[in-house]
Amino acid sequence: MSQPVELHGRLFHPFISAQQINERTSALARELDEAIGLETPIALGVLNGAILFHSDLIRAFTFDVEVAYLRTRSYSGMKSSGKVDIEWPDDLSVNGRHVILIEDIVDSGRTLVALTKELKERGAARITSIVLLDKPAARIVPYKPDFVGFEIPNAFVIGYGLDFDGLGRNLSSIYQVVEG
Ligand code: IMP
């Protein structure tokens, strides 16, 4: 973790350690435990970025939960395209259900705004959003997640599910780009 990493010729320095992520994820799971009612929620992970956060978080839940995923795309390199594509799985129904929406990061806010709209249109009874990282300074459309792991400055990060053009998702810690 103490060493910088290089991906596609760009340098990233250590930012949030695997241990910090692990401790914060356990704390978030305990907070969610208290927020969940009697209903069995669907833990809906947003692919690809939330793969590791989703899998660690659901294992820390003490309540019964169903697990589902969907895929969104909006980023190319370090830039958001401004348009969100949602691939909705054929076998996923959220009608009348409590959905725990699990995402890696909120940046412009467009993805979570688009997903919230889609979930409401498909009849979700309750939506609780939880993001590992929040970059409030990058917001273009207003969005406030219900639960946040870490608030971070507006700089590109990789690792623990987050990628730079396909690389870096498998790193256990989070790294921040070195500008320049
Ligand atoms: P938003 O729609 O702009 O809020 O961005 C959400 C998506 O953009 C996330 O699910 C990530 O896939 C991607 N993203 C935003 N910021 C970063 C970053 O710093 N590193 C890697 N991916 C990011």
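Throughout, read-outs are computed from the coordinates displayed, never taken from laboratory work. For clarity, every value in this text was computed on a predicted model and none was experimentally measured. Counting neighbours? That spans all protein chains shown, and the Cβs are built from the backbone with ideal geometry, glycine included.
How large is the Kirkwood hydrodynamic radius of region 15-98, in angstrom, based on all distinct alpha carbon pairs? Numbers along the way, then the final one.
Details: mean 1/r = 0.0681 Å⁻¹.
It works out to 14.7 Å.
Exposure proxy ranking for 54, 13, based on other Cβ atoms within 10 angstrom of each Cβ and starting from the fewest, stands as 13, 54. Binning all Cα-Cα separations of region 23-67 at 10 Å, short to long from zero, yields these whole-percent fractions: 27, 59, 14. Over the chain, how many percent of alpha carbon pairs lie in each 10 Å bin up to the one with the longest distance? Whole-percent P(r) values from 0 Å outward: 9, 39, 36, 13, 2, 0. Eigen-decomposition of the gyration tensor built on the alpha-carbon atoms of region 126-169 gives equivalent ellipsoid semi-axes of 20, 14, 10 angstrom, largest listed first. If R0 is 45 Å, the Cβ-Cβ spacing of residue 40 and residue 2 corresponds to a FRET efficiency of close to 0.60.
Summarised as an ellipsoid, region 62-152 has semi-axes of 22, 16, 12 Å, derived from the eigenvalues of the Cα gyration tensor scaled by 5 and square-rooted, with the largest first. Relative to the first principal axis of the alpha-carbon coordinates of the chain, what is the inclination of helix 51-60, with its axis defined by its Cα atoms, in degrees from 0 to 90 and to the nearest 10? Helix 51-60 sits at roughly 50 degrees to that axis. Between residue 58 and residue 113, the modelled label-to-label distance comes to 2.9 nm, taking each label 7 Å out from Cα in the direction of the beta carbon. Relative to the longest principal axis of the Cα atoms of the chain, helix 18-35 runs at roughly 20 degrees.
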